[in-house]
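Chemist: For reference, the structure I am asking about is given below.
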Amino acid sequence: MLHVLHETVSMAQRAFLLCGRRQRVLLLVAVMLMALTGALATVSPIVVGALVDDMLRTTYMNFGPAVPYLAVIVVTVMVKELLTVVRKWIVEDTATRLQQQQTTSLVAHLLRIDLSFFARHRSGALNGRVHRSVEGLIRLLKLGFLDFCPAAFMAACALAVAMWREPVVGGIMAGGILSGFGLILWQVASQRGVRIDLLREREAMDGTVVEVLGGIETVRAANAGDIEAGRVDEVAERLRRREIRHHIQMALFDAAKLLTESLFHIAVLSVSVWFAIRGLISVGEVLTFSMLYLNVAAPLRELHRIVDEAHESTLRVLDLFSLYASPPDRSFLLESGCMPMTTRMPATGPVLELSHIRFSYPGSNGSGPTLDDFNLTINAGECVGVVGRTGCGKSTVSKLALRLMHTDSGTIRFRGVPIECVSREVIASQVGYVAQSGFLFSGSIADNIAYGRGKVTQADIEVAARRAGIHDEVVHELGGYAARLAERGSNISGGQRQRLLLARLFLHDPPLLVLDEATSALDNRTEAVVQEALDELMIGRTTLVIAHRLHTLRNVDRIIVMDAGKIVEEGTYSDLLSASGQFAELHRSTAVR
C-alpha cells in the first residue's frame, strides 16, 4: 500500500517540476495562502464556543454582546474566501499553461519517434492515451493545489487547536484521521489493477470507434453497419462490466469510511460532554470540539476522494512519461563526427547510393528479408524506374531513401554522405515525395499546397497549381484557394488530390523526387493528366519512380526489376521488353488486365 502512496507522491512531484520557474514560485505562494486559510478556518469554532460560554454566563441575554463575535466570524470568512479566490486563480492559470505546453510538447515528441511505434498502436487508442495522460497530469496538479493542500492544512490546523485545548479529544481526532487514511491506502492499492484495466479498455473503445469512422465508406458499401456497431457494443459491454465492478467496490469503501467518520465523531462528542460534566472544559468547548472535528472530518472525507482520484491520475501520468520515454527516430539524431551538409545538389556524380542493403520489417516472423543484399546507384539528373511484383520491396527502397525506415545492415549515401549524417531538415529540403496515398490535411487548398514551405505568396501558390494542372478546377469547381478540404481530402476526387500534391511539389521545387506509385489509383484519363504534370516536374531533376503501371516508365533513363528483395533485371524500357524476362512478363500481365 505504501508503494502506491509513494508512486502518487512521486508523480505529483514530477508534475510540479514540469511547471515553469515562475509558475512554481506562484504555486508556493498558493501553498502559503492555503496554510493561512487553514488557520483562519479554526477561528469560527473557537469564536462560536466563546460566544456560547458568554451567553451562558449572562443572566439577561440580548443581541448586543454577540455582535463582536459575529463580526469576527464575518471578517474571517471574507478574508478566507478572498485568499481562496487568489489561490484558485494561481492554480488554474498554472494548470492551463501546463496543459498547453504539455499537449504541444507530447505531440511534437510523438511526431519524432520511430514509425514502427505507430504500427503497434491504433491511432484512435493513441489519441485517447495522449489526451487522457495530459488530462491526468493537470488533474493531479489541481488535486494537489486546489483540493489536497487546503484540506490537509484545514485538518492539521483544526487538529493542532484540539490537541492544544484538550489532548485527549485531539488524540481521538488523530485516531479518526489514521483510521480513515488506512482505509484510503487499502482502497487505492486494491483498485490499482482495476484502474489500469479500465484505462486500457477505454483506449480500446477509442481505437475501435476511430477505426470504424475512418472506414465509413467501406462499412457503408458492405452494409456492415450492424456488424461494426456490434464490435463497438462488445467493447462497450466489456468496459461497462469492469466499471460497475469498480463502482460497487468503491461504494463499499465509501460506506466504511463514512461509518468510521461517524463513530469517531460520536467518540469526540461523548468525551467532550463527559469532560464538560466534570467541569474540565466549558459547555461552549463541547461545540468547539464538535466543529473542529467537522473541520477534520470534512477534509478527511475530501482526502478519501482526492487520494483516490490522484491515484487514477497517477496511472495516466505514468502513461504520459512512458510516451515521453519512447526514443526519437534515428533520422533526428546525427552520429557524432558528422559534418554539416551544404544544400546545393551536385550537377554530376551519384546522388543516392544503396550498397548491400538488408532490411526486414519488425514481426516478419522469419519470412525472409524484404531487401537482401540490395544495391542501387542513382546519378544526378537520372530518372530511374523501379518495378516488380507486389511485396518485392519497391516501396521499401523509397522509404529507406527518405529515412522513414532504417536498414538492418548495409550503407546508404546521399550526395556522397552517409545517410546517418543527413538531417531531417536536409532531406525535407532536398527530396520531394509523392505516394499513392499522399496526405491532405483538413484546411484550405492554399494551406495544403504551401504545406511545409513556410511563408509563400498567393502568386507562388497559383503558379504551382497551374503547373500541376489544377488551377482552373480550384477556381471554377472547388471554390477557390480559400475553400476547405475535408480530412484526407475526402471531399475531392482522387485525381484532384494527386494534382494538389504535385502542386505542393512544384512549390517546393526539390532537386530529388521520389514518386511511389503516384498514379496507380487513378483512372486512365486522370492518369494521363497527372502523368503530364509529372513529366514536367521531372525535367532536370534526379528522380526515383516506383511504378505499378509499366507504360508510365517509357521515358525514364533506366528501369530496375525487383524480385524477392533483389534486382533481377536492369535496362531501358524497350530493351527489357524485348528481353522476354520478368519485365516482359509483368508487361503482358498488366496489359491483359
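Chemist: Taking the chain as the region of interest, what is the percent of Cα-Cα pairs per 20 angstrom bin, listed from the shortest bin to the one with the maximum distance?
Modeler: Each 20 Å bin holds this share of Cα pairs: 15, 35, 25, 16, 8, 1, 0.
Chemist: Would you compute, from DSSP H runs of 4+ residues alone, the mean residue ellipticity of the chain at 222 nm, taking -39500 (n - 2.57) per run and dividing by the full residue count, rounded to the nearest 500?
Modeler: That comes out to -21500 deg cm²/dmol.
Chemist: If you place +1 on the Cβ of every Lys and Arg, -1 on the Cβ of every Asp and Glu, and leave all else neutral, what size is the dipole of the chain about its Cα centre, to the nearest 20 Debye?
Modeler: 1020 debye
Chemist: Please state the relative contact order of the chain as a whole percent: Cα pairs under 8 Å, 6+ residues apart?
Modeler: Here the relative contact order equals 15 percent.
Chemist: Remind me, relative contact order of the stretch 2-325 in percent, using alpha carbon pairs under 8 angstrom and six or more residues apart?
Modeler: Reported relative contact order: 34 percent.
Chemist: Next question, about the same structure. Compute the long axis of helix 43-57 from its Cα atoms, compare it with the longest principal axis of the Cα atoms of the chain, and write down the angle in degrees, 0 to 90, nearest 10.
Modeler: In the chain, helix 43-57 runs at an angle near 20 degrees to the longest axis.
Chemist: Let me ask you something else. By how many nm would the segment from Arg238 to Arg97 grow when fully extended, if each residue of separation counts as 0.36 nm and the alpha-carbon distance is taken off?
Modeler: 47.2 nm
Chemist: While we're looking at this one, here's another question. Out of the DSSP beta bridges found with both residues in the chain, what percent are antiparallel (nearest 5)?
Modeler: Within the chain, antiparallel bridges account for around 50 percent of the total.
Chemist: I've got another one for you. Can you tell me, using C-alpha contacts under 8 Å and at least 6 residues apart, the relative contact order of the stretch 93-180 as a whole percent?
Modeler: Worked out over the stretch 93-180, it gives 27 percent.
Chemist: Further question: Where in the stretch 225-330 are there trypsin sites (Lys or Arg not before Pro) that are in a DSSP coil and have at most 12 other Cβ atoms within 10 angstrom of their Cβ?
Modeler: Arg278
Chemist: Name the residue farthest towards the positive end of the dipole of the chain from the options Val463, Val47, Leu500, assuming +1 on Cβ of Lys and Arg, -1 on Cβ of Asp and Glu, about the Cα centre.
Modeler: The residue sitting farthest along the positive end of the dipole is Val47.
Chemist: Does the stretch 2-325 come out rounded, prolate or oblate, given a ≥ b ≥ c as the square roots of the eigenvalues of its C-alpha gyration tensor, rounded meaning a/c under 1.5 and, failing that, prolate meaning a/b above b/c?
Modeler: prolate
Chemist: Taking the Cα centre of the stretch 2-325 as origin, work out the dipole magnitude from +1 charges on Lys and Arg Cβ and -1 charges on Asp and Glu Cβ, in debye rounded to 20.
Modeler: Roughly 640 debye for the stretch 2-325.
Chemist: Check each of the chymotrypsin sites (Phe, Trp or Tyr not before Pro) in the stretch 386-492 and keep only those in coil by DSSP with at most 13 other C-beta atoms within 10 angstrom; list them in order.
Modeler: Here the chymotrypsin sites (Phe, Trp or Tyr not before Pro) that fit, given the DSSP loop and packing criteria, are Phe439, Phe441.
Chemist: While we're here: Of Thr377, Gly124, Gly176, whose Cα points farthest to the positive end of the dipole of the chain (charges on the beta-carbon: +1 Lys, Arg; -1 Asp, Glu; origin at the Cα centre)?
Modeler: Most positive-ward Cα: Gly176.
Chemist: How much length, in nm to one decimal, is gained on full extension between Ser123 and Arg21, taken as 0.36 nm per residue of separation minus their Cα-Cα distance?
Modeler: Extra length from Ser123 to Arg21 when fully extended: 33.3 nm.
Chemist: If you don't mind, another one. Filter the trypsin sites (Lys or Arg not before Pro) in the stretch 85-126 to those in DSSP coil with at most 13 other Cβ atoms within 10 Å of their Cβ, and list the result.
Modeler: Those that pass, being in a loop and sparsely packed, are Arg120.
Chemist: Give me the distance between the Cα centres of the stretch 140-209 and the stretch 106-130, rounded to whole Å.
Modeler: Between the Cα centre of the stretch 140-209 and that of the stretch 106-130, the gap is 33 Å.
Bear in mind that the values in this text are calculations on the coordinates, not laboratory data. These numbers come from a predicted model, not from an experiment. Counting neighbours? That spans all protein chains shown, and the Cβs are built from the backbone with ideal geometry, glycine included.
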